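Let me begin by presenting the structure, written as structure tokens, before commenting on it.
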Amino acid sequence: MSRTRTALLAAVALVAGATGTAFAVDPGTAGIAAVPCTVDYKIQNQWSTGFTAAVTLTNNSAAKSSWSLKWSYAGDQKVTSGWNAKISQSGAAVTAANEAYNGQLATGGSVSFGFQGSYSGSNAIPATFTLDGVTCNVDGGGGPTDPPDPGGPSTRVNNPYEGAKVYVNPEWSANAAAEPGGSRVANQPTGVWLDRIAAINGAGGKMGLREHLDEALRQKGSGELVVQFVIYNLPGRDCSALASNGELGPTEIDRYKTEYIDPIKAILADPKYASLRIVTTVEIDSLPNLVTNTGSRPTAVPQCDVMKANGNYVKGVGYALNKLGDVPNVYNYVDAGHHGWIGWDDNFGPTATIMKEAATAEGATVNDVHGFITNTANYSALKEDHFTINDTVAGKSVRESKWLDWNRYVDELSYAQAFRSQLVSSGFNSSIGMLIDTSRNGWGGTARPTGPGATTSVDTYVDGGRYDRRFNGGNWCNQSGAGLGERPKAAPAAGIDAYVWMKPPGESDGASKQIPNDEGKGFDRMCDPTYTGNPRNNNNMSGALPDAPLSGHWFSAQFRQLMQNAYPPLS
């Protein structure tokens, strides 16, 4: 599904309503042979005289070395500019032909392009598309045999956070308010983590998905409201960190689909919740692991090699995007790591590539991706003010410092904006937006530097001026000295849809010692304050707080520290 639409959706139901005719698949002949091609045409944004559109073409016939897609407008629509296709128009007839770099279209392969246009009067979606002269069916989002969801036009907007309140989880709010001084932040919106199958209906006395959605409707009132869910239960989940391992084994992709994603989709698609803007953060810490922690790299771990070989991360993410993207008021944001993980040259491009692979797997298209989220449940500083990547000290670039270690980005904002551009160049829609999790990256308090470090060496300069006080940017578990970051806000910077608190502050990253449990969560030494490290954190101390409970459980000492070190400070 498209990231942005204001009024129109190119699905069978809408075409039927607009033209009196709907394409149908004969159930006796359903399948690739019956549907030579599918076209997903979506209005991304629309204003009084213009619009932008995204088109995804899927070829279900013989492979092609070039392609030409044609349609005709019923009204006064004119294409004014386009991207990823050569688009021409004669009267009402439009032709979109491949560029030199995207002419190859395999059987089952998809290609996406977009354009800007003008119109007067109505802006009806074309009723018929032809690929090289053969009529295509309109794809409802899940493939030729998967009927579209009912409910009429999509309510998607360009940025779901603009003009909307965001859901306050009453369970997290109660935990926060119970801490001394916690009432100062207890009304902040946080993500709801669906981290196992049982969480869908509620586990351990906690609210289930429907209960959260019902509460979101109550909080919504007459205005707009965003409710945020973390989709987090892949087979072989988080292959490089034991603390966040999940309940499903590496090969249990069918259980992931039928017992986890399908029930979530069924609930989200309930017309009762159609007025909510539902943001899904899809599978944190998954796809980047396939780039950085596999093969011959010193950071490789066998579990990640297994997940790369069996393809179940790619399949799982693709399936989630496809199914959840069918729901018109769902906004999918895929996890994109953080600058201290993906910011190196040999990680940056390959990570975007594997995200494109996942976004076009299992029936998904790039139009099912509304955007990406960085720094989820991490600590990378939003903006380092006292040094830039272009600085040179004592004849050395700051990239040569031990802290940056040749990384190309010094903070999360610069990384998110640059990675957004990389994703667009890799084939994602130019309208994608980014979220940045600022729940624990404030780094305030008395240790916060007020100016640059000494220029005696590149290390004294960077270390003396950086806000992020971790031993190493690879440290991720219950970090000592961390503080609450920027409060959630919409559209804070170019290309950024929102700052969010997707990780609820005060919920542990993992236990600091082995704790038997029935949640599938192991013990990771990175959560042990006595651990001296591994290649993924350049063999530094873990920097973890002591006496931490299992991941996701309330950690009072951490929450109090986060409030104490908040930046901007709490009043």
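Among residues of region 68-88 that are touching a residue at least 12 places away in the same chain (Cβ under 8 Å), those with a Cβ under 7 angstrom from a residue that is open to solvent by 40 Å² or more (accessible area, probe 1.4 Å) and of a type in the set (Asp, Glu), sequence gap 6+ or separate chain, pair up as 68/132; 84/99; 85/99; 86/99. Of the conditions (1) closer than 19 Å to residue 379 by Cα; (2) open to solvent by 30 Å² or more (accessible area, probe 1.4 Å); (3) among the aromatic types (Phe, Trp, Tyr), residue 406 clears all except one; give me its number. Evaluating residue 406 over (1) closer than 19 Å to residue 379 by Cα; (2) open to solvent by 30 Å² or more (accessible area, probe 1.4 Å); (3) among the aromatic types (Phe, Trp, Tyr) leaves (1) as the failure.
Inspect all residues belonging to region 396-410 and state whether any of them is farther than 20 Å from residue 443 by Cβ, among the basic types (Lys, Arg) and under 27 Å from the mean Cα position of the chain (by Cα). Scanning region 396-410, I find at least one residue that is farther than 20 Å from residue 443 by Cβ, among the basic types (Lys, Arg) and under 27 Å from the mean Cα position of the chain (by Cα), so the answer is yes.
Yes/no matrix, rows are residues, columns are (1) outside any loop (DSSP other than H, G, I, E, B); (2) buried (at least 19 other Cβ atoms within 10 Å of the Cβ):
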site	(1), (2)
189	no, yes
193	yes, yes
199	yes, yes
207	no, no
214	yes, no
219	yes, no
227	yes, yes
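Considered as a group, the residues in region 516-571 that are closer than 27 Å to residue 405 by Cα and of a type in the set (Ser, Thr, Tyr) include one that is least open to solvent (accessible area, probe 1.4 Å), and that residue is 542. Kindly indicate whether any position in region 11-31 is more than 24 Å from residue 156 (Cα to Cα), at pLDDT below 90, touching a strand residue (DSSP E or B) at 6+ places or on another chain (Cβ under 8 Å) and open to solvent by less than 40 Å² (accessible area, probe 1.4 Å). Among the residues of region 11-31, not one is more than 24 Å from residue 156 (Cα to Cα), at pLDDT below 90, touching a strand residue (DSSP E or B) at 6+ places or on another chain (Cβ under 8 Å) and open to solvent by less than 40 Å² (accessible area, probe 1.4 Å), which makes the answer no. Note on region 268-370: enclosed helices (runs of 4 or more DSSP H) holding 3 or more residues that are surrounded by 23 or more Cβ atoms within 10 Å (Cβ to Cβ) are 287-292, 312-325, 339-342, 345-359.
Name the residue, out of 492, 505, that is under 19 Å from the mean Cα position of the chain (by Cα) and either open to solvent by 20 Å² or more (accessible area, probe 1.4 Å) or more than 21 Å from residue 385 (Cβ to Cβ) (or both). When all the criteria are applied, what remains is 492.
Taken over region 431-471, the criterion of being open to solvent by less than 20 Å² (accessible area, probe 1.4 Å) and either of a type in the set (Ser, Thr, Tyr) or modelled with pLDDT under 95 (or both) is satisfied by 438, 439, 467. Tell me whether region 325-341 contains one or more residues that are touching a residue at least 12 places away in the same chain (Cβ under 8 Å), within 13 Å of residue 362 (Cβ to Cβ) and not hydrophobic (A, V, I, L, M, F, W, C). Yes, that holds for at least one residue.
Sort through 223, 181 and tell me the only one that's in contact with a helix residue (DSSP H, G or I) (Cβ under 8 Å, 6 or more places away or on another chain), of a type outside the set (S, T, N, Q) and either touching a residue at least 24 places away in the same chain (Cβ under 8 Å) or within 20 Å of residue 329 (Cβ to Cβ) (or both). Answer to the selection: 181.
Modelled with pLDDT of 95 or more, assigned to a helix (DSSP H, G or I), open to solvent by less than 10 Å² (accessible area, probe 1.4 Å) and of a type outside the set (Phe, Trp, Tyr): does that describe residue 264? Criteria met by residue 264.
Residues that are among the aromatic types (Phe, Trp, Tyr), in a strand (DSSP E or B), in contact with an Asp or Glu (Cβ under 7 Å, 6 or more places away or on another chain) and open to solvent by 10 Å² or more (accessible area, probe 1.4 Å) occur at least once in region 495-502.
Only residues that are of a type outside the set (Phe, Trp, Tyr) and in contact with a strand residue (DSSP E or B) (Cβ under 7 Å, 6 or more places away or on another chain) were counted across region 482-525, and they come to 16. Among all positions in region 367-376, there is at least one residue which is polar (S, T, N, Q), touching a Gly at 6+ places or on another chain (Cβ under 9 Å) and at pLDDT below 95. Kindly indicate whether residue 373 is open to solvent by less than 10 Å² (accessible area, probe 1.4 Å), under 23 Å from residue 308 (Cα atoms) and in contact (Cβ under 8 Å) with a residue 60 or more places away in the chain. The answer is yes for residue 373. Annotation for region 406-417: no member residue is over 22 Å from residue 499 (Cβ atoms) and at pLDDT below 95. Residues that are at pLDDT 90 or above and closer than 30 Å to residue 74 by Cβ number at least 1 in the following strands (runs of 3 or more DSSP E) confined to region 113-181: 129-131.
The values are calculated or read from the model by the stated rules, or taken from the named source; none is laboratory data. All figures in this text were calculated on a predicted structure; none of them were measured in a lab. Here the Cβ is made from the backbone with ideal geometry for all residues, glycine too, and neighbour counts use every protein chain on show. Accessible surface areas use protein heavy atoms only, side chains included; no ligands, DNA or RNA. Shrake-Rupley method; radii C 1.70, N 1.55, O 1.52, S 1.80 Å.
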